[in-house]
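The values are calculated or read from the model by the stated rules, or taken from the named source; none is laboratory data. Quick caveat: nothing in here was measured; it's all calculated off a predicted structure. In this analysis, Cβ positions are derived from the backbone assuming ideal geometry, glycine residues included, and neighbour counts consider all displayed protein chains. Please note that ligands, DNA and RNA were not included when accessible areas were found on the heavy atoms of the full protein model with its side chains. Shrake-Rupley method; radii C 1.70, N 1.55, O 1.52, S 1.80 Å.
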Amino acid sequence: MPTISDITAFSVPPRWVMVRITTDAGVTGWGEALLSKRRRAVLGAVADLADTVVGAPAGRIEELWHRMRRGAFFRGGPVLATAAAAIEQALWDIKGRTLGVPVHELLGGPVRDRTRVYAWIGGDRPDDVVAGARARVAQGFTAVKMNATAELDHIAGAAEVDAVVARVAALREEFGTGLDIALDFHGRVHRSMVRPLLRELEQFRLLWVEEPLSPGHEDFLPEVARAAGATRIATGERLTSRWDFRSLLQRGGVDIIQPDVSVTGLGELAKICHLAETYDVAVVPHCPNGPVSLAASLQVAAVCLNVPLHEQSLGLHYNTGYEGLPRGEMADYLVDSAPLVPVDGALAVPAGQGIGIEVDEAVVRAGHTEWRHPDAQWRHPDGRIAEW
């Protein structure tokens, strides 16, 4: 197995951090990190972790994951987690390419031929959800997700609740039950508003309500589940390891977990999916990210029975210059975009070696830029900072 010789990170439009690993055997692998508002911190973390793993055998992925995650007295947190995850993804890519197989063959082999995916339609900014859904249906999608609301105070008025309900009702009126709808509270709905909203929304038979509470309030999820009635509760995109998910699953109240490969890593994502299986909990991986993250996550989805649906970012509003960010799409950075183009609302299990895509390194290098994510804060009318 080759030795790691170099690790380089590139920040490219619209808000992605791609990590390239080269080896002494000339094999290259790619990973992807998150946290666009902390881009420079992530780039620094990748550089720090590179000092830990450059010179090590690229095939010892499990050991290197632990070295990156546990190799210092202070550990944890999303910045280190996403940097380690990106490096780990790239190591899986290298291993698959070295052995001449897709990564899913190294994880036990596929249990499916394709993975159903859903698409975003805004819900806050932009808020024209019916037009957005029409476009997605025309693209072949049968499931969409939208934000429930923009800023929402601890005690919102009836008009604000009615506005949330009206957006969902408009979709049901337009598409009936032929379109599956998931609603993302995005951690911006306070506990005092969750119950009133859930009671109004139960009638629409949503796929799920996502992140009903902001981080740090997980102890109240069983209470939320009781208030939700028949509505499923989903969460977990900000958790970074199987230990975080073990606590979440043991606490109860969650029907769907949403780990993100760019904060967990590829191998850890597989472990989290299998852990959830022991609780009979579904996994819908979080992935409003770039092409490397999606390709890596699909490798895991291929081998896990409890992944009925998967997120992807084709045409996501963040990709089109949202709030001043530069524009960019997944296909921009691929030699061939076909492996990540949905057909009839699903993505085929990747057949290529490694994570199944070919990154166009020349485009990545040309696109590397010191873009800065706008630090605009959402605020309530009286000036208080609101949950984003």
Going residue by residue through the stretch 11-28, is there one that turns out to be in a strand (DSSP E or B), within 23 Å of the chain's Cα centre (by Cα) and either among the hydroxyl-bearing types (Ser, Thr, Tyr) or surrounded by fewer than 21 Cβ atoms within 10 Å (Cβ to Cβ) (or both)?
yes
Modelled with pLDDT of 95 or more, open to solvent by 10 Å² or more (accessible area, probe 1.4 Å), in a loop (DSSP other than H, G, I, E, B) and of a type outside the set (Gly, Ala, Ser) - does that describe any residue in the stretch 126-140?
yes
So which helices (runs of 4 or more DSSP H) stay within the stretch 211-297 end to end and still have 2 or more residues that are touching a Pro at 6+ places or on another chain (Cβ under 6 Å) and surrounded by 19 or more Cβ atoms within 10 Å (Cβ to Cβ)?
266-277
Please go through the stretch 211-239 and pick out each residue that is farther than 14 Å from residue 387 by Cβ and within 16 Å of the chain's Cα centre (by Cα).
234, 235, 236, 237, 239
Picked from the stretch 298-309 (must be in contact with a strand residue (DSSP E or B) (Cβ under 8 Å, 6 or more places away or on another chain) and in a helix (DSSP H, G or I)), the residue surrounded by the most Cβ atoms within 10 Å (Cβ to Cβ) is 301
Kindly check whether there is at least one residue in the stretch 214-231 that is within 30 Å of residue 91 (Cβ to Cβ) and at pLDDT 95 or above.
no
Is it the case that the stretch 310-318 has a residue that's open to solvent by 10 Å² or more (accessible area, probe 1.4 Å), in contact with a helix residue (DSSP H, G or I) (Cβ under 6 Å, 6 or more places away or on another chain) and polar (S, T, N, Q)?
no
Considering residues that are surrounded by 18 or more Cβ atoms within 10 Å (Cβ to Cβ) and part of a loop (DSSP other than H, G, I, E, B), the number found within the stretch 331-351 is 4
Restricting to the stretch 352-385, what's the tally of residues that are open to solvent by 90 Å² or more (accessible area, probe 1.4 Å) and farther than 23 Å from residue 321 by Cβ?
5
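Conditions tested, residue by residue: (1) modelled with pLDDT of 95 or more; (2) open to solvent by less than 40 Å² (accessible area, probe 1.4 Å); (3) over 20 Å from the mean Cα position of the chain (by Cα); (4) under 19 Å from residue 286 (Cα atoms).
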{"position": "31", "(1), (2), (3), (4)": "yes, yes, no, yes"}
{"position": "47", "(1), (2), (3), (4)": "yes, no, yes, no"}
{"position": "62", "(1), (2), (3), (4)": "yes, no, yes, no"}
{"position": "65", "(1), (2), (3), (4)": "yes, yes, no, no"}
{"position": "74", "(1), (2), (3), (4)": "no, no, yes, no"}
Determine whether residue 52 is surrounded by 15 or more Cβ atoms within 10 Å (Cβ to Cβ) and outside any strand (DSSP E or B).
yes
Flagged in the stretch 169-208 as open to solvent by less than 10 Å² (accessible area, probe 1.4 Å), under 20 Å from residue 130 (Cβ atoms) and in contact with an Asp or Glu (Cβ under 9 Å, 6 or more places away or on another chain), in numbering order, are 182, 183, 184, 206
So which residues in the stretch 107-123 are assigned to a strand (DSSP E or B) and open to solvent by 60 Å² or more (accessible area, probe 1.4 Å)?
114, 116
Could you tell me whether residue 98 is of a type in the set (Ser, Thr, Tyr), assigned to a helix (DSSP H, G or I) and either touching a Leu at 6+ places or on another chain (Cβ under 6 Å) or within 25 Å of residue 298 (Cβ to Cβ) (or both)?
yes
Within the set of pairs 6+ apart or on separate chains, which have a first residue in the stretch 65-79 that is closer than 19 Å to residue 55 by Cβ, a second that is of a type in the set (S, T, N, Q) and in a helix (DSSP H, G or I), and C-beta atoms under 7 Å apart?
67/52; 68/52; 71/52
